[in-house]
Amino acid sequence: MARNHKYQPATLRFGPAIKAALLCIFFGGAGIGYVWQKTQIQHLADQQKRLESRFEELHRQNDKLMRAVAVLCSPRELDERVKKMNLGLVPPQPDQIVRLREVAEPQAHPGSNIDPRSREMVQMYAIHK
Amino acid sequence: MRHSGQIRALWFLTGCLGIGFGLLGYRLVDLQVLRHDTLALESSRNTERRIVRLPRRGNILDIKGNLLATSKPVRTVCADPSIMGTNYWLVARQLAPIMRLDENALAGKLQPRWFVDEKGRTNVDKFVVLKRKVDDEEWMAITNTMEHLVFCPDEKLLSKTRQRAFNQIRRQSLITQEDQLRVYPNGSLAAHVLGYVGTEETTLTNGAVGFQIKGRDGIELTLNSFLEGVRGWRQTETDHLDRELVAYREQDVTPRNGYTAVLTIDAGVQHIVESELTSAWEEHNPISVACTVIRPATGEIVAMANLPTFDPNNLAASSPEARRNRIISDIAEPGSTFKIVVVSAALNENVSRLSDLVDCERGIFQYAGLTLHDAHEKYGILSVQDVVAKSSNVGAAKIGIKLGAERLEEYMRRFGFGESTGIVLPGEVRGIVHPVSRWSKIEITRIPMGQGVATTPLQMCLAMSAIANKGVLMRPRLVDQVQDLDGRVLVTYPPQVARRVVSEAVAQQMVAALKAVVSTNGTGLSAQMDYYTVAGKTGTAQKAAGGKYVSGKFFSSFIGFFPADNPELCISVVFDEPDMKKGHYGGAIAAPIFRRIAERSANYLAIPVEVMRNQTLAVTNHAEAD
């Protein structure tokens with residue numbers, strides 16, 4: 001019975017249909033995949049170009065700012081600004097400068113919790129005194 | 001009949017199609033096989049590009065990291081005159097004021113030109129350089145103007161072809177090439193040390209010519225290999241508007257930008273020196289004035305300045321005279337500052353002691369048929385220390401005679417005269433030190449007072465630094481280190497000892513003698529500072545021309561160091577032909593400039609003071625000590 005049923009002309013043959021469908025899906029998928037991949041490459045290339053331009057732009061801005069800082073910090077520029085603004089700024093004379101000597105780190109008593117940074121504060125206090 | 005007619009028609013159509021396909025096939029074979037090589041080459045020429053990517057030239061910094069020289073990205077603006085047609089006048093009129101170019105000259109460049117190539121074909125010129133070193137702001141103004149060019153009141157009424165032609169002019173007629181401009185943010189500051197750059201033609205993209213920056217003088221030249229970097233390239237394709245198609249980029253090698261050179265120059269001290277030289281220039285009106293500031297212990301050059309000077313940002317406005325670094329390229333007789341050599345040599349050879357007495361013959365000394373005079377006063381018997389302090393020519397000549405010619409020449413060479421100092425600047429000269437065999441009879445009396453020998457100001461300053469540095473001559477150090485772009489140190493240049501010139505004890509004795517120069521007893525009192533002891537030597541040398549001395553023309557100099565017993569800085573100030581109305585002696589002209597530079601530099605560098613204001617400077621009298 002089964003054998004006869006197999007060769008019935010009106011019966012739908014799923015095997016070849018699935019094969020054909022799979023082939024179609026494969027080729028269709030490959031085609032779409034190819035196009036998608038190409039689109040992605042183009043998209044990434046555009047992105048890369050944008051980022052490169054941005055990077056270059058930022059680099060240029062950075063350079064520009066660096067040059068501006070250099071000009072503003074140049075001794076000649078500072079001198080001219082001091083004169084122009086009439087601030088009366090002059091370098092301190094040697095006898096107006098207080099020099100602090102680096103002192104040895106104080107021996108902390110056992111159990112004391114003196115912060116070594118307090119040395120700096122002591123020195124600052126010394127200046128005010 | 002109808003059937004056979006249909007068949008004929010069918011055959012006819014088949015034939016036509018066959019012929020059509022045959023022709024197409026032939027065309028295909030022609031394009032793909034027969035003319036493949038030519039067309040493939042043309043195709044690649046149209047789309048493929050090998051773009052040379054020029055590196056950015058490295059920065060030059062001072063010892064504190066201040067920017068002394070840097071590079072600014074700019075563009076070279078070029079045009080394609082072939083698409084201008086008859087509109088070049090209109091474009092030139094609009095662009096000339098923005099590009100700051102002459103309208104007629106610009107129109108001449110934009111006008112289409114035809115030329116006949118070597119194969120006899122007529123071609124139109126498609127590339128012309130309009131302007132170089134165009135910065136971003138200017139380029140934005142140019143592109144903005146081009147986009148809004150108006151060729152006629154209502155373009156919409158024109159034909160599509162004309163509209164397209166106008167749009168092509170707006171968008172495609174101007175192209176740019178990347179370039180860079182060397183910028184010196186401090187203008188003329190340390191111009192003779194930094195030097196300047198020039199441009200050199202180089203092949204950039206598919207044979208197109210571009211320009212590359214090369215050092216031409218100063219540090220820019222000597223460190224060019226570090227500063228210029230290494231080129232990169234990009235193998236890629238472009239569209240019909242010559243825009244890069246990044247997706248088809250095959251190779252992309254990033255250029256390695258130039259390294260950063262860190263100099264020993266301190267911009268603050270350099271500014272102090274240059275501002276003081278400028279005021280001295282206005283006061284004394286010399287041909288030139290030069291100053292060198294050296295740290296004796298390391299040989300570091302902290303400042304080096306010449307007047308007249310130039311602005312490397314605007315090289316065209318300067319003369320070759322102004323661009324010359326006279327400190328290393330000009331030689332002259334040093335005058336009395338050279339007495340330090342003969343006295344040091346005599347002390348080192350135990351020929352004399354500072355306390356020994358010398359008869360200065362009341363300022364007139366006959367030797368080998370010629371008369372030698374003292375310049376300042378007529379001295380009788382002086383100690384060797386006083387010979388230095390009072391700068392007696394007769395005394396120095398007698399010490400020289402006692403020392404002997406061979407030993408004098410040996411010590412001159414030990415102090416570095418007659419040889420290159422080894423500074424990393426181009427154009428250094430060695431000076432003139434004749435061998436003893438070529439000396440005339442009177443040379444032994446002339447050389448001790450700084451005649452018959454020619455030195456550069458740098459050599460003299462280094463010789464004085466050797467005395468300040470306990471008798472050890474250092475090589476001049478101008479470059480501290482070379483860094484990469486991330487600030488990592490690639491090369492450091494440590495201090496280099498050239499040789500020991502005199503013993504430490506002799507150097508100490510010389511310091512004592514040189515301290516006496518800067519006292520009421522000496523010729524360099526004007527160099528005395530409020531807070532530091534100074535040791536130094538004045539010098540006044542008559543200028544020579546045509547084999548004889550010219551009256552009224554002098555080199556006036558002062559070389560000194562401070563604090564005398566623990567020297568931080570050695571400063572040399574040299575005037576070439578100062579105005580005679582205000583004196584010509586080194587002690588009167590150069591010493592006050594030394595003092596002003598030294599005081600401001602000491603303040604700026606926070607050099608600990610030795611003595612307080614109004615305290616008398618105690619000059620050690622070595623003769624008494626002996």
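The values are calculated or read from the model by the stated rules, or taken from the named source; none is laboratory data. Keep in mind it's a predicted model, so treat the numbers as computed, not measured. Counting neighbours? That spans all protein chains shown, and the Cβs are built from the backbone with ideal geometry, glycine included. Surface areas here come from the heavy atoms of the whole protein model, side chains and all, with no ligands, DNA or RNA. Shrake-Rupley method; radii C 1.70, N 1.55, O 1.52, S 1.80 Å.
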Return the residues of the stretch B:535-566 that are under 12 Å from B:L514 (Cα atoms) and of a type in the set (K, R); say none if nothing qualifies. B:K537
Tell me which of these A:W36 doesn't satisfy, since it passes every other one: (1) surrounded by 11 or more Cβ atoms within 10 Å (Cβ to Cβ); (2) more than 11 Å from chain B (Cβ to nearest Cβ); (3) closer than 30 Å to B:D311 by Cα. (3)
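Kindly indicate which of B:F127, B:F115 is touching a Cys at 6+ places or on another chain (Cβ under 8 Å) and open to solvent by 30 Å² or more (accessible area, probe 1.4 Å).
Within the list B:F127, B:F115, the selection yields B:F127.
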Within the stretch B:328-371, residues without any contact (Cβ under 8 Å) to a residue 40 or more places away in the chain and in contact with a helix residue (DSSP H, G or I) (Cβ under 6 Å, 6 or more places away or on another chain) come out as B:D356, B:C360, B:E361
Of the residues in the stretch B:70-89, those that are charged (D, E, K, R) and touching a strand residue (DSSP E or B) at 6+ places or on another chain (Cβ under 6 Å) come to B:K72, B:R75
For the stretch B:504-617, give me every one of the strands (runs of 3 or more DSSP E) that falls completely inside it and has 1 or more residues that are within 14 Å of another protein chain (Cβ to nearest Cβ) and closer than 19 Å to B:A468 by Cα. B:548-562
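Examine the stretch B:151-164 for a residue that is closer than 24 Å to B:G210 by Cβ, exposed (fewer than 13 other Cβ atoms within 10 Å of the Cβ) and modelled with pLDDT of 85 or more, and state whether such a residue exists. Full working, then the answer.
The initial filter retains those residues of the stretch B:151-164 that are closer than 24 Å to B:G210 by Cβ, namely none.
Within the stretch B:151-164 (the criterion being closer than 24 Å to B:G210 by Cβ, exposed (fewer than 13 other Cβ atoms within 10 Å of the Cβ) and modelled with pLDDT of 85 or more), the answer is no, since none of the residues qualifies.
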Matching residues in the stretch B:501-521 - criterion: being in contact with a helix residue (DSSP H, G or I) (Cβ under 9 Å, 6 or more places away or on another chain) and open to solvent by 20 Å² or more (accessible area, probe 1.4 Å): B:S503, B:A505, B:Q508, B:Q509, B:N521
Mind listing whichever residues of the stretch B:251-272 are under 18 Å from B:I60 (Cβ atoms), more than 10 Å from every other protein chain (Cβ to nearest Cβ) and aliphatic (A, V, I, L, M)? B:A261, B:V262, B:L263, B:I265
Qualifying residue in the stretch B:78-93 (condition: outside any loop (DSSP other than H, G, I, E, B), within 30 Å of B:G232 (Cβ to Cβ) and away from chain A (no Cβ under 14 Å)): yes
Filter result (open to solvent by 10 Å² or more (accessible area, probe 1.4 Å) and among the β-branched types (V, I, T)) within the stretch B:526-548: B:T533, B:T540
Which of the residues spanning the stretch B:279-303 are open to solvent by less than 60 Å² (accessible area, probe 1.4 Å) and of a type outside the set (A, V, I, L, M, F, W, C)? B:S279, B:H284, B:P286, B:S288, B:T292, B:P296, B:T298, B:G299, B:E300
Does B:L41 fit the bill of being within 30 Å of B:K126 (Cα to Cα) and surrounded by fewer than 19 Cβ atoms within 10 Å (Cβ to Cβ)? yes
Considering each of A:D46, A:D95 in turn, give the residue that is within 8 Å of chain B (Cβ to nearest Cβ), at pLDDT 90 or above and either surrounded by 10 or more Cβ atoms within 10 Å (Cβ to Cβ) or out of contact with any His (no Cβ under 8 Å at 6 or more places or on another chain) (or both). A:D46
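Rundown of residues vs (1) closer than 25 Å to A:R60 by Cα; (2) small (G, A, S), yes/no style:
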residue	(1), (2)
B:N46	no, no
B:R53	yes, no
B:R57	yes, no
B:L67	yes, no
B:T76	yes, no
B:G85	no, yes
B:P97	no, no
From (1) at pLDDT 80 or above; (2) in contact with a helix residue (DSSP H, G or I) (Cβ under 6 Å, 6 or more places away or on another chain), pick out the condition that doesn't hold for A:S53. (2)
Considering only residues that are crowded, with 21+ Cβ neighbours inside 10 Å and touching a Lys or Arg at 6+ places or on another chain (Cβ under 9 Å), look in the stretch B:51-73 and name the one that is farthest from the other protein chains (Cβ to nearest Cβ). B:L54
Among (1) free of Cβ contacts under 8 Å to residues at least 60 places away in the same chain; (2) under 37 Å from the mean Cα position of the chain (by Cα), B:E377 falls short only on (2)
In the stretch A:67-76, residues that are assigned to a helix (DSSP H, G or I), farther than 13 Å from B:D135 by Cβ and facing chain B (nearest Cβ under 7 Å) total 5
If we ask which residues in the stretch B:304-323 are more than 27 Å from B:I559 (Cα to Cα) and buried (at least 16 other Cβ atoms within 10 Å of the Cβ), their number turns out to be 5
Going by what's in this entry, would B:Q481 be described as open to solvent by 60 Å² or more (accessible area, probe 1.4 Å) and of a type outside the set (V, I, T)? no
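Rundown of residues vs (1) of a type in the set (D, E); (2) at the interface with chain B (Cβ under 10 Å from one of its Cβ atoms); (3) assigned to a helix (DSSP H, G or I); (4) within 30 Å of B:T70 (Cβ to Cβ), yes/no style:
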position	(1), (2), (3), (4)
A:E57	yes, yes, yes, yes
A:L78	no, yes, yes, yes
A:R81	no, no, yes, yes
A:L100	no, no, no, no
So which of B:P448, B:P435, B:P476, B:P495 ends up being open to solvent by less than 40 Å² (accessible area, probe 1.4 Å), touching a residue at least 24 places away in the same chain (Cβ under 8 Å) and more than 27 Å from B:Y379 (Cβ to Cβ)? B:P476
